[in-house]
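In what follows, a single structure is set out as structure tokens and then discussed.
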Amino acid sequence: MSKRDREQVIRRIIDMEDRISNCQRCGTVIRCIRKPSLGKGDLEPELLMVLESDNQYSRDINRMIELRNLIKTGLGFEKIYHTYLVRCQPKACPLYNSINCYTHRKLLDKEYRCVLSQKACEGIPIHPNNESIIACLSFLMEEISILNPKYLVLFGERVAEYVLRAYGFFEKPDLNHCYRFNGLTVIPSVDEGSFSLLECQQIKRNL
Ligand code: SF4
């Protein structure tokens with residue numbers, strides 16, 4: 001990629017990330033996060049990994065390094081980027097549900113303490129609902145179009161289902177098989193916590 005093209009990619013990613021950071025489409029979900037999660041990695045990726053959300057797995061840096069290393073050794077890709085289907089991780093919170101909370105402001109302070117309880121946030125990460133997925137999907141599709149990878153690995157059946165539908169594949173995803181779309185190879189697989197060398201071997205046979 002030329003220097004000019006790279007600068008343009010960076011500009012477009014920054015512009016998209018600004019819009020994500022100011023996005024309020026999901027209402028109450030965003031009150032219990034400090035900021036939406038953004039993609040990370042090589043800006044000229046051969047392979048882009050998509051996780052459902054920035055959950056307990058992806059927040060563990062060692063697990064993410066292991067996952068990247070698995071893709072490197074098992075599939076042979078060096079330039080990797082990872083991102084999320086939904087940027088604002090929803091949480092289940094008994095406190096929030098038990099009070100009438102009409103505020104529109106963030107309920108987490110800069111130290112990640114809950115402003116209601118004055119203690120560390122005790123919310124439990126849960127799967128995003130379908131409305132959040134649909135609201136956030138356009139950011140993912142934009143990110144894929146900017147970074148233009150050759151391969152896309154989708155972790156988990158929900159991610160696979162929504163992204164494959166966006167590319168016009170409406171049947172139930174066939175895990176570890178390849179779907180081709182305009183030069184892009186889309187690979188649905190198991191979720192990130194279950195992904196192993198076995199999945200890599202199955203994918204490799206289909207590449
Ligand atoms: S999850 Fe996505 S669509 Fe919803 S508020 Fe966050 S950035 Fe916006």
The stretch 41-66, subset in contact with a helix residue (DSSP H, G or I) (Cβ under 7 Å, 6 or more places away or on another chain) and farther than 21 Å from Ser196 by Cβ, residue surrounded by the most Cβ atoms within 10 Å (Cβ to Cβ): Pro45
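Kindly indicate the residue of the stretch 124-134 that is hydrophobic (A, V, I, L, M, F, W, C) and within 9 Å of the ligand (Cβ to nearest atom) and also nearest to Glu192 (Cα to Cα) among those meeting that condition. Spell out how you get there, then give the answer.
Just the residues of the stretch 124-134 that are hydrophobic (A, V, I, L, M, F, W, C), to begin with: 124, 126, 133-134.
Of the ones still in play, those that are also within 9 Å of the ligand (Cβ to nearest atom) are 133-134.
Numbers: Ile133: 18, Ile134: 21 Å.
Looking at residues that are hydrophobic (A, V, I, L, M, F, W, C) and within 9 Å of the ligand (Cβ to nearest atom), I get Ile133.
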Top-ranked residue in the stretch 94-113 [being of a type outside the set (Lys, Arg), more than 19 Å from Cys26 (Cα to Cα) and at pLDDT 80 or above; ranked as surrounded by the most Cβ atoms within 10 Å (Cβ to Cβ)]: Asp109
Check on Thr28, part of a helix (DSSP H, G or I) and either farther than 30 Å from Gln202 by Cα or touching a Cys at 6+ places or on another chain (Cβ under 7 Å) (or both): yes
Search result, residues across the stretch 33-88 that are of a type outside the set (Gly, Ala, Ser), under 10 Å from the mean Cα position of the chain (by Cα) and assigned to a loop (DSSP other than H, G, I, E, B): Leu38, Glu52, Asp54, Asn55, Leu85, Val86, Arg87, Cys88
Residues satisfying the stated conditions in the stretch 22-59, i.e. of a type in the set (S, T, N, Q) and modelled with pLDDT under 95: Asn22, Gln24, Thr28, Asn55, Gln56, Ser58
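So in the stretch 135-151, with the set limited to residues that are surrounded by 18 or more Cβ atoms within 10 Å (Cβ to Cβ) and under 12 Å from the mean Cα position of the chain (by Cα), which one is farthest from the ligand (Cβ to nearest atom)? Quick ask: steps written out before the conclusion?
Here is the first cut: in the stretch 135-151, the residues surrounded by 18 or more Cβ atoms within 10 Å (Cβ to Cβ) are 135-136, 139-140, 143-144, 147, 149, 151.
Narrowing further to those that are under 12 Å from the mean Cα position of the chain (by Cα): 136, 139-140, 143-144.
Numbers: Cys136: 3, Phe139: 6, Leu140: 9, Glu143: 12, Ile144: 15 Å.
My answer is Ile144.
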Pair list, Cβ < 7 Å and 6+ apart or interchain, from the stretch 21-47 residues that are in contact (Cβ under 8 Å) with a residue 40 or more places away in the chain to residues that are within 10 Å of the ligand (Cβ to nearest atom) and hydroxyl-bearing (Ser, Thr, Tyr): Cys26/Ser132; Val29/Ser132; Pro36/Ser21; Ser37/Tyr84
Qualifying residue in the stretch 41-51 (condition: within 15 Å of Ser132 (Cα to Cα) and within 16 Å of the ligand (Cβ to nearest atom)): yes
Any hit, the stretch 110-118, residues being touching a strand residue (DSSP E or B) at 6+ places or on another chain (Cβ under 6 Å), closer than 18 Å to Pro36 by Cα and not basic (Lys, Arg): no
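Among strands (runs of 3 or more DSSP E) lying entirely in the stretch 92-203, which contain 1 or more residues that are without any contact (Cβ under 8 Å) to a residue 12 or more places away in the chain, in contact with a helix residue (DSSP H, G or I) (Cβ under 6 Å, 6 or more places away or on another chain) and assigned by TED's automatic domain parsing to the domain that holds Leu47? I'd like the intermediate steps shown before the answer.
Numbers: elements: 151-155, 179-181, 184-189.
Qualifying strands (runs of 3 or more DSSP E): none found.
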Answer residue from the stretch 1-40, given it is surrounded by 11 or more Cβ atoms within 10 Å (Cβ to Cβ) and small (Gly, Ala, Ser) and is farthest from the ligand (Cβ to nearest atom) among those: Gly39
Given (1) in contact (Cβ under 8 Å) with a residue 60 or more places away in the chain; (2) in contact with a Leu (Cβ under 9 Å, 6 or more places away or on another chain), number of the condition Val86 does not satisfy: (1)
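The values are calculated or read from the model by the stated rules, or taken from the named source; none is laboratory data. Everything numeric in this text was worked out from a predicted model, so none of it was measured. Cβ coordinates were reconstructed from backbone atoms using ideal geometry, including for glycine residues, and neighbour counts include every protein chain displayed.
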